[in-house]
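The values are calculated or read from the model by the stated rules, or taken from the named source; none is laboratory data. The structure presented is a predicted model; accordingly, all values stated were derived computationally and were not measured. Don't worry about glycine lacking a Cβ; one is built from the backbone with ideal geometry, like all the others, and counts go over all protein chains shown. Heavy atoms of the whole protein, side chains included, go into the accessibility calculation; ligands, DNA and RNA do not. Shrake-Rupley method; radii C 1.70, N 1.55, O 1.52, S 1.80 Å.
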Amino acid sequence: MGLLFSIGLDYDKCGSAVQLYYGGQYDHEINNIDDDDDDDDDKHNDYSSYKTLTKIDHPPITERPLFDLMLGSCNGLVCFFVPHDGMDDPIYICNPITGEYVNLPRFTCGKHASSHHKLVGGFGYLHSTNEYKVVRTYYDYDEPSLVGHVQVYTLGDGNGWRNKGDTTHFIGSSGVFANGYLHWIDIGAKKNIVAFDLAEEEFRLLPSPPCLLLRSRNLVYFSLQLLGGCLCVVCIDKGKCVDIWALKNKKKKKNSSYDDEDNSWSWSREFSIAWEGPVRSTFYEPFAVTKNNEVLLWFNGILSCYDPKTAILKKLWDDDTRFRYTKAIPHMNSLVSLKALGEKSERRS
């Protein structure tokens, strides 16, 4: 497993807003650094792999930066949002290695649709049936009661977007795929963890980590991430700390479901990173946990690594490599074919 980077470069240097890059096996490429011999760092560890990322030759999807359009990656297939009609629609699927891609049907709002609307999405894989599914939920803020209209698209089944009814959960960000489910934080008053079962195609609630009890405090922000293969809640308490809570199965049963009778899923705080820098102008964005149990993160836009054993936050890129946009998601290069799944795909020449 590696990382797919979406990096916003300088227009004068590259003539393009954002480009895609691949970083190699992050789950075993981070080694300890000997601070006494900086010149030999690149010879004795693999931090250098992040200074020489592999550029992916992919044309721009839109004129808008891609950094906020990457939805998720499953087995080498990547789903992107495509902006249209004032919303982001999860309809572009590609294999960036083979160049194969497909555009799914766009969401249509109708003639009398409100201009105050939003689409949120998720992309996941159902192992038991070898199916890839895209889920999107539409909200019209001018409706008397705010509900989400849910649709599901299964790649290659020929049924297009299927309506799955409405949900009262208010989910405001991209879905995170883990444990066979897509997950969101309900940004309503209760801040629940919402899971969408890809097999049953239904929503359910999961227990929330204790950190969500801080929801009433100012300068506390939450996000869902897939870190180290686990569903995680990142709690950013600005000026104090960045806590990472992981949902784990204590019995470590493979393919365990949330519905198992001996359910042993629980939240535990795995990391607590002390705050460094001014409160309002400092930004932490964790995006991966290595096999050596270190946290990869963007620290003020610079790729950095936090070692919990030493409590040291170390920059992996120099200050002059600060970019305008940065995002990274877990990704595995593969030859998975959209055409073999049943899609009428095309291939970049």
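Got a number for the accessible area of residue 269? Probe 1.4 Å, square angstrom, nearest 10.
So the heavy atoms of residue 269 present about 140 Å² to solvent.
Sorted by accessible area (1.4 Å probe), largest first, how do 298, 267 line up? Intermediate values should be presented prior to the final figure.
Values: 298 5, 267 35 Å².
Correct descending sequence by accessible area is 267, 298.
Give me the accessible area of residue 245, 1.4 Å probe, in Å² rounded to the nearest 10.
It works out to around 40 Å².
Show the residues, 5+ positions off or on another chain, whose built amide H is closer than 5 Å to the amide H of residue 89.
82, 84
Please turn the phi angles of region 341-349 into ³J(HN,Hα) values with the Karplus equation 6.51 cos²θ - 1.76 cosθ + 1.60 (θ = phi - 60°), one per residue in order, whole Hz, x for glycine and proline.
6, x, 8, 8, 8, 10, 9, 5, 6
Putting +1 on Lys and Arg Cβ atoms and -1 on Asp and Glu Cβ atoms, find which of 313, 340, 329 reaches farthest to the positive end of the dipole of region 266-349.
Comparing the listed Cα positions along the dipole, 340 ranks first.
On the full set of protein chains, 1.4 Å probe, figure out the accessible area of residue 276 and give it in Å² to the nearest 10.
Residue 276 has an accessible surface of roughly 80 Å² with all protein chains in place.
At 0.36 nm per residue, and after removing the present C-alpha to C-alpha distance, how many nm does the segment from residue 339 to residue 268 gain when stretched out fully?
21.4 nm
Return the distance in nm (one decimal) between the two label points of a simple spin-label model at residue 258 and residue 126, each offset 7 Å from Cα along Cα→Cβ.
Calculated label separation equals 1.6 nm.
Could the peptides 156-165, 127-136 be put in order, highest first, of the mean number of other beta-carbon atoms found within 10 Å of their residues?
Working: 156-165: 12.6, 127-136: 17.8.
Order by mean packing, descending: 127-136, 156-165.
What is the distance, in nm, between label points placed 7 Å from the Cα along the Cα-to-Cβ direction at residue 204 and at residue 142?
3.8
As I understand it, the dipole of region 94-214 uses +1 on the Cβ of Lys and Arg and -1 on the Cβ of Asp and Glu, about the Cα centre. Which of 168, 188, 102 lies farthest toward its positive end?
188
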